[in-house]
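Heads up: the structure comes next, in structure tokens.
Quick note: the coordinates plus some simple rules give every number you see, no bench work behind them. Being a predicted model, the structure only gives us computed values, none of them experimental. Here Cβ is always computed from backbone atoms with ideal geometry, including for glycine, and neighbour counts include all displayed protein chains.
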């Protein structure tokens with residue numbers, strides 16, 4: 001299973017949010033492994049700093065933990081960018097969500113765990129799943 005799932009940023013954020021009821025579910029998902037992208041790592045750092053008020057040391061430690069559980073983070077490439085533009089145009093997703101979808105497609109995943117996208121929607125071979133619903 002771990003080779004076929006991709007995590008949206010929200011899963012990572014909930015995993016480190018001690019006071020959030022979704023933390024345990026997010027931690028279980030991450031412990032099983034999966035794929036992420038550099039974009040997801042960057043978004044995590046931005047949200048953890050701005051909204052969760054984490055220190056840079058806490059963010060670095062959390063990112064180390066996340067990277068130890070997930071496949072190497074997929075880079076953003078021009079090919080992924082072009083695929084994301086097509087996904088955004090065809091499905092109406094914001095470019096940043098489309099980039100995550102394009103990265104998941106590029107990684108060969110069949111499931112994208114995301115709270116922010118349309119639960120159950122299929123984009124090519126990927127099914128978007130809200131693990132918190």
Would you please put 122-128, 54-60, 41-47 in order of how densely packed they are, using the mean number of other Cβ atoms within 10 angstrom per residue and starting with the highest? 41-47, 122-128, 54-60
The chain: antiparallel DSSP beta bridges as a percent of all, rounded to 5: 20
Only helices counted: for the chain, with every DSSP H run of 4 or more residues adding -39500 (n - 2.57) and the sum spread over all residues, [θ] at 222 nm is -16000 deg cm²/dmol
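Calculate, for residue 79 and residue 130, the FRET efficiency according to 1/(1 + (r/R0)^6) with r their C-beta to C-beta distance and R0 25 Å; round to the nearest 0.05.
0.35
For residue 32 and residue 119, compute 0.36 nm times the residue count separating them, minus their Cα-Cα distance, and round to one decimal in nm. Working shown, then result.
Working: separation 87, 0.36 × 87 = 31.32 nm, distance 2.06 nm.
Working it through step by step, the gained length comes to 29.3 nm.
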Measure off 7 Å from each Cα along the Cα-to-Cβ vector at residue 60 and residue 24, then give the distance between these two points in nanometres to one decimal. 3.3
Past the 25 angstrom mark, what percentage of all C-alpha to C-alpha distances in the chain do you count? 19
